[in-house]
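K.L.:
Questions regarding the structure given below will be posed in turn.
The values are calculated or read from the model by the stated rules, or taken from the named source; none is laboratory data. Because the structure is predicted, anything quoted here is derived from the model rather than measured. Neighbour counts are summed over all protein chains in view; Cβ atoms, including those assigned to glycine, are modelled from backbone coordinates with ideal geometry. Surface areas here come from the heavy atoms of the whole protein model, side chains and all, with no ligands, DNA or RNA. Shrake-Rupley method; radii C 1.70, N 1.55, O 1.52, S 1.80 Å.
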Amino acid sequence: MSELFSRIDFAWPWAWLLLLLPLLSRYLLSQDKQQKEHVRVPFLPNLIDELKLDSQPVRDGWLRGTMFWLVWALLVCALTRPEYLTPPQHIQKPMRDMVLILDVSGSMQKNDVEGGITRLQAVQASVRKFVAARKSDRIGMVIFASSAWPFAPVSEDKQALNMRINQLAPGMIGQQTAIGDALGVAVKVLDSGTDKEASKLAILLTDGNDTASQLSPDLAAQLAASHHVQVHTIAFGDTHSVGEDKVDLPLLQHIAQTTGGKSWTAANSGAALDSVWKEIDAITPVQVKSIGWSWHLPLFAWPLGAAMLLLLLLALARLIREKRS
């Protein structure tokens with residue numbers, strides 16, 4: 001009970017001073033003095049006692065005075081606007097913005113992953129599991145091939161992100177690989193985030209080497225580091241390939257090292273790729289900020305309603321008395 005009353009506050013506490021207004025109006029305002037005439041009646045005390053004329057007026061006067069002050073106090077209480085402060089409700093706010101940078105070049109169409117699926121299908125399956133585990137992160141997506149494009153905004157809408165993941169197709173924006181451009185676009189997407197306090201993370205997955213970037217991967221990595229974007233890299237595909245299809249492991253390791261991230265190699269295995277995503281999930285715990293919200297519930301209707309009810313009862317009592325008399 002004490003905790004309940006401790007949460008009650010008054011928006012206009014100065015209104016309590018109005019409780020003294022009737023007293024001030026009675027003693028400070030000028031009143032016309034009335035002349036009183038006195039008639040001496042010797043047997044008046046015996047008559048009053050016999051007819052009990054003094055008990056009812058005194059009792060009625062005391063009742064009217066009590067009711068007046070009770071109604072006045074309730075009206076003043078309503079005027080002070082009492083409020084109940086609800087217990088704080090804690091809301092968790094994501095404190096990490098993440099961008100998935102996925103390769104959709106033509107080489108992702110190769111079906112050399114165990115199970116007879118394409119590389120991109122294996123990536124899609126693993127990414128869906130990763131997104132499902134990151135319930136409290138804001139996640140966006142950048143895709144790249146011959147060029148780089150933001151494909152999903154950074155948000156908490158995992159359903160919309162999964163729809164975008166399902167729409168990925170090999171060669172949808174070209175056949176080459178623009179790693180540097182993709183990293184630059186991801187930095188821009190993260191830098192335009194609404195929450196400046198959130199940490200920034202990018203995960204770059206590719207099965208080739210940079211062949212089409214206008215922004216060099218080394219410069220893009222320095223740009224990411226200057227904007228405090230940590231980049232993890234994943235090399236996926238056949239590490240023994242040659243030419244343009246060969247995964248540039250030294251480049252991916254350099255990007256991760258420059259930005260303070262880590263580099264993994266998943267080879268041609270869906271299970272190995274799942275394991276990499278799980279490791280990333282483990283080393284990047286969910287960051288949330290708990291915010292407490294309280295609401296002020298107005299209570300003025302209660303004393304106001306009680307005052308109106310008392311006035312109604314007094315009016316009914318007076319009406320009944322007049323009918324009886």
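K.L.:
Which FRET efficiency value, to the nearest 0.05, is calculated for Ser155 and Asp274 with the Förster distance at 25 angstrom and r the Cβ-Cβ distance?
P.N.:
0.55
K.L.:
Ok, one more. Provide Trp12, Trp72, Trp149, Trp277 ordered by accessible surface of protein heavy atoms (probe 1.4 Å), highest first.
P.N.:
Greatest to least solvent exposure: Trp149, Trp12, Trp72, Trp277.
K.L.:
Could you work out the relative contact order of segment 170-217? I mean the mean sequence separation of Cα pairs under 8 Å and 6+ apart, divided by the number of residues, in percent.
P.N.:
The value is 66 percent.
K.L.:
Spin-label point model (7 Å from Cα, Cβ direction): what's the Ala132 to Ala73 distance in nm?
P.N.:
For Ala132 paired with Ala73, the spin-label model returns 6.4 nm.
K.L.:
In addition: Roughly how many nanometres apart are two label points built 7 Å out from the Cα toward the Cβ at His227 and Leu23?
P.N.:
6.9 nm
K.L.:
Take His227, His296 and sort them by solvent-accessible surface of the protein heavy atoms, 1.4 Å probe, largest at the top.
P.N.:
Sorted descending by solvent-accessible area, the residues read His296, His227.
K.L.:
With respect to the cross-link table entries Lys110/Lys200; Lys110/Lys188; Lys135/Lys262; Lys196/Lys262; Lys110/Lys135, which display a Cα-Cα separation exceeding 29 Å?
P.N.:
From Lys110/Lys200; Lys110/Lys188; Lys135/Lys262; Lys196/Lys262; Lys110/Lys135, over 29 Å: Lys110/Lys200; Lys110/Lys188; Lys110/Lys135.
K.L.:
Further question: Could you do me a favour and compute the accessible area per residue for segment 100-201, 1.4 Å probe, result in Å²?
P.N.:
With all protein chains present, segment 100-201 gives 42 Å² per residue.
K.L.:
Name the residues whose placed amide hydrogens come within less than 5 Å of the amide hydrogen of Gly237, ignoring near sequence neighbours (fewer than 5 apart) on the same chain.
P.N.:
Ala266, Ala267, Asn268, Ser269
K.L.:
Can you work out ³J(HN,Hα) from phi for every residue in segment 266-271, in order, using Karplus 6.51 cos²θ - 1.76 cosθ + 1.60 and θ = phi - 60°, giving whole Hz and x for Gly and Pro?
P.N.:
So the J values, rounded to whole Hz, are 9, 6, 9, 9, x, 5.
K.L.:
Take Thr211, Thr177 and sort them by solvent-accessible surface of the protein heavy atoms, 1.4 Å probe, largest at the top.
P.N.:
Reading off the accessible areas and sorting them downward yields Thr211, Thr177.
K.L.:
For a Förster distance of 30 Å, can you work out the FRET efficiency between the beta-carbons of Lys188 and Asp218, rounded to the nearest 0.05? Write out the running numbers ahead of the final one.
P.N.:
Values: r = 18 Å, r/R0 = 0.59.
After rounding, the FRET efficiency stands at 0.95.
K.L.:
Once neighbouring chains are kept in place and the probe is 1.4 Å, which whole percent of the accessible area of segment 88-172 is contributed by carbon and sulfur?
P.N.:
Details: 1910 of 3680 Å².
Here carbon and sulfur together make up 52 percent of the probe-accessible area.
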